[in-house]
1. Sort 250-256, 325-331 by the packing proxy (mean of other Cβ within 10 Å over each peptide's residues), most packed first.
2. Between T160 and D186, what length in nm is gained on full extension when 0.36 nm per residue of separation is reduced by their alpha carbon distance?
3. Can you give me the distance in nm between label points at I462 and L80, each placed 7 Å from the Cα along the Cα-to-Cβ direction?
4. I279 to I351: extension gain in nm, 0.36 nm per residue of separation minus the Cα-Cα distance?
5. With the cut-off at 1.5 for a/c, could you classify segment 131-256 from its C-alpha gyration tensor as rounded, prolate or oblate?
6. Give me the net charge of F282's neighbourhood, meaning all other residues with Cβ under 12 Å from the Cβ of F282; Lys, Arg count +1, Asp, Glu -1.
7. So in segment 22-232, what percent of DSSP beta bridges are antiparallel if you round to the nearest 5?
8. Would you kindly calculate the mean projected area, averaged across all directions, of the convex hull enclosing the Cα atoms of segment 401-461, in square nanometres?
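What follows draws every value from the coordinates through simple rules; no lab data is involved. Keep in mind it's a predicted model, so treat the numbers as computed, not measured. Neighbour counts run over all protein chains shown; Cβ positions are idealised from the backbone, glycine included.
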Amino acid sequence: MKRAYTTLVALLLCTLAMLAADTTQLYRIDIHQEIGSTTWRYLQDGMQQAYEQEADAVILHLNTYGGLVLHADSMRTLILNAHIPVYAYIDNNAASAGALIALACDSIYMHSGARMGAATVVNETGQAMPDKYQSYMRATMRATAQAHGADTTINNHGDTIITWRRDPIIAEAMVDERVVIPHLSDSGQILTFTANEAVEHNYCEGIVESLDDMITNRLHIEQYTLSQYTPSLYDKIAGFLTNPALQALMVTLIVGGIFFELKTPGFGLPSAVAVIAAIFYFLPLFISGTAESWELLAFVAGIILLILEFFVIPGFGVAGISGAIIILGALILAAINNIVFDFTFVTSIDISRSILTVLAGLIIAVPLLIFLSHRIGSKGMLYRFALHTEEKNSEGYIGVNTSAGTLVGSQGIAMTRMAPSGKVKVDGKIYDAVSLYGQYIEAHTPVHIHRHENNQIYVSPIEQ
């Protein structure tokens, strides 16, 4: 009896093992929002989890009106280079950038009411961008269609006939209204497929009414387990923080904070702004594994070199230039998934995106810094932000000593190195002072006092 029971258990385990072996592991990733940094992060993490779970295939559940071409291009590249099949299920819309992502998948299945196409590049107001942008998108759509291959045959006349699995001209018609597809789109119309039209022109493998219908009746998978990628709160926040526009803004704040802090030494508001912006820039990249510790250390080293240049080493020379270059290099490399300068698995798109993001931040920062440098401290701006309440001694207010204002026009001696702030001695008394043009002044240099503002005197060196 015991032997029979043991045999029965063994047979049951073998049966379960055989069933498990015949079960197909599927992994589902939903793209149900505008294409951008968040969806790009979802796809990256989802594909990685699918690999870790040894999934046999990935199902990309699409319902999007499009979004940023830059991220859509990165997503289509990831799909084309996937180690396992990626199937698209369009249950409603795959428009614009969504059409490009769907086209990258190995097979496309559409709900009966779904649509796909309209991939013209537009700006934030919905107006079509200039032709150089459309040209890039046309080439991208053609290349994606061609990536699925073609059948080559030779007819009776010896001519070579190439039949594409996905016709690249049709893909181009989704971008350019000048491309005419007979009986489908006329000149002046951007091509958008219905489900039936997509099937007719080999842009869809079949019309399905549900995801289960697609798996069982189209993919012919009877035994399967379907796991689903669920983004965490961190994924959502990190996706938002790694948006190139926000990263460019962080670069602007970092550069601006460092600039104004060096002009007014001491830890204050500019320092706080730069530190917070650096945290928001580096932290999501560091946690996701894109940025490494050495890049953060390089960024800090660059700041130290700038500080040494401004407060220890006279003039603006090797230390200052090196510090600026190291800071910019750290910002660029932090957004590129390299391993200590090993760019083997880094695409040119990733490098270009990182460089353009940092350059955009600098382009915004430079004119803004020039403007603020002229406005901050000016009478007009100070007056607009001033409180016009009269503060009387009888009400308990204590006035600030303004006797330094009488020193304007006189001469003194720099008691400390000024780069640009420091101490000067006039008539035996020590005063806080700032170099008038931000220039470096050595200690014990005779100075001329030009003006008095905010209880500080502004001086310039007297030529010997």
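1. Working: 250-256: 22.9, 325-331: 20.1.
For the peptides 250-256, 325-331, the packing ranking is 250-256, 325-331.
2. Numbers: separation 26, 0.36 × 26 = 9.36 nm, distance 2.86 nm.
The span from T160 to D186 would gain 6.5 nm if fully extended.
3. Placing both labels 7 Å beyond Cα along the Cβ direction yields 7.2 nm.
4. Numbers: separation 72, 0.36 × 72 = 25.92 nm, distance 2.15 nm.
Stretched fully, the I279-I351 segment lengthens by 23.8 nm.
5. Numbers: a/c = 2.37, a/b = 1.34, b/c = 1.77.
Oblate, because a/c is 1.5 or more while a/b does not exceed b/c.
6. Details: positive: none; negative: E292, E295.
For residues surrounding F282, the net value is -2.
7. Working: 10 of 38 bridges.
That works out to approximately 25 percent antiparallel.
8. Values: hull surface 13.3 nm².
So the mean shadow area of the Cα hull is 3.3 nm².
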